[in-house]
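Notes follow once the structure below has been shown.
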Amino acid sequence: MNYKFLFYTVIASVLMSCCSTSKNISIKKEQSLITNNVQLSNNFRSFWNELRKEAGEQPLDQFIPSDTLIARYSLIKQNKQFYLSGFLYTDSTFNEENIKAIGGNVVVYTEKIKTFSVPVKSIPLLIQIKGITYIEIGKKAKIK
C-alpha cells in the first residue's frame, strides 16, 4: 500500500512540474519577455526591471524614461525616441533585417557577434527575434 502512495505522489509531482509555466516579466500582458531561446545578461535584466517599474501599465511607445534611467543605461534620444544599445550573440538563423523591421540598427563584427541599437518600445520584439542567443546591453565606462 505504501508503494502505491509513493508511486502516485511521484507521478503527481512530475506532472505538476511539467505542466506548470514560469511567469514572464512584462509591463503589460501582451508585452511579455519571452526568453525561451535567448539568454539575457544581468545588466539587461536590471534595465528591464527598472523600466517596468517606471513605466507601470503605460505602453512603451508612450513612455518617456527618467533622467536616472537614461544616464544609468546610456539611452540615446534620436528622432523623438529613446534607444538602447548593446551586443548580440547570434546563431546562423539570425537575419539582421528583423532588427531593422523593429526600427533598430545592427553592425556586424563577426558571424556571431553584433552590436545593436533599438527603440525602447521595441525591446519585447527584440527578444523574440529568431537567431539571437544572448543579449548584453552597453554600459558607460567609469573613470576610477
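Take the Cα of Lys142, go 7 Å toward its beta carbon, and the backbone nitrogen atoms of the stretch 52-78 under 17 Å from that spot belong to 68-75. Accessible area per residue was computed with a 1.4 Å probe on protein heavy atoms; Arg52 scores about 90 Å². Extending 7 Å from the Cα toward the beta-carbon at both Lys77 and Gln62 defines two label points whose distance is 2.0 nm.
Sorting Thr68, Thr115 on solvent-accessible area from highest to lowest, probe radius 1.4 Å, gives Thr68, Thr115. The candidates Asp61, Asp67, arranged from most to least accessible area with a 1.4 Å probe in the full protein assembly, appear as Asp67, Asp61. Compute the distance in nm between two label points, each set 7 Å from the Cα along the Cα-to-Cβ direction, one at Thr110 and one at Phe87. Label at Thr110, label at Phe87, 1.0 nm between them.
Using heavy atoms of the protein chains and a probe of 1.4 Å, the accessible area assigned to Thr110 is about 70 Å². With respect to the cross-link table entries Lys80/Lys139; Lys80/Lys121; Lys100/Lys121, which display a Cα-Cα separation exceeding 18 Å? Pairs exceeding 18 Å: Lys80/Lys139. Loop-located chymotrypsin sites (Phe, Trp or Tyr not before Pro) in the stretch 79-144 (DSSP state not H, G, I, E or B) with no more than 14 neighbouring Cβ atoms inside 10 Å: Tyr109. Placing Ile129, Ile143 in order of accessible area, with the largest value first and a 1.4 Å probe, yields Ile143, Ile129.
The values are calculated or read from the model by the stated rules, or taken from the named source; none is laboratory data. Because the structure is a prediction, the values reported are computed rather than measured. In this analysis, Cβ positions are derived from the backbone assuming ideal geometry, glycine residues included, and neighbour counts consider all displayed protein chains. These area figures cover heavy atoms from the full protein model, side chains too; ligands, DNA and RNA do not enter into them. Shrake-Rupley method; radii C 1.70, N 1.55, O 1.52, S 1.80 Å.
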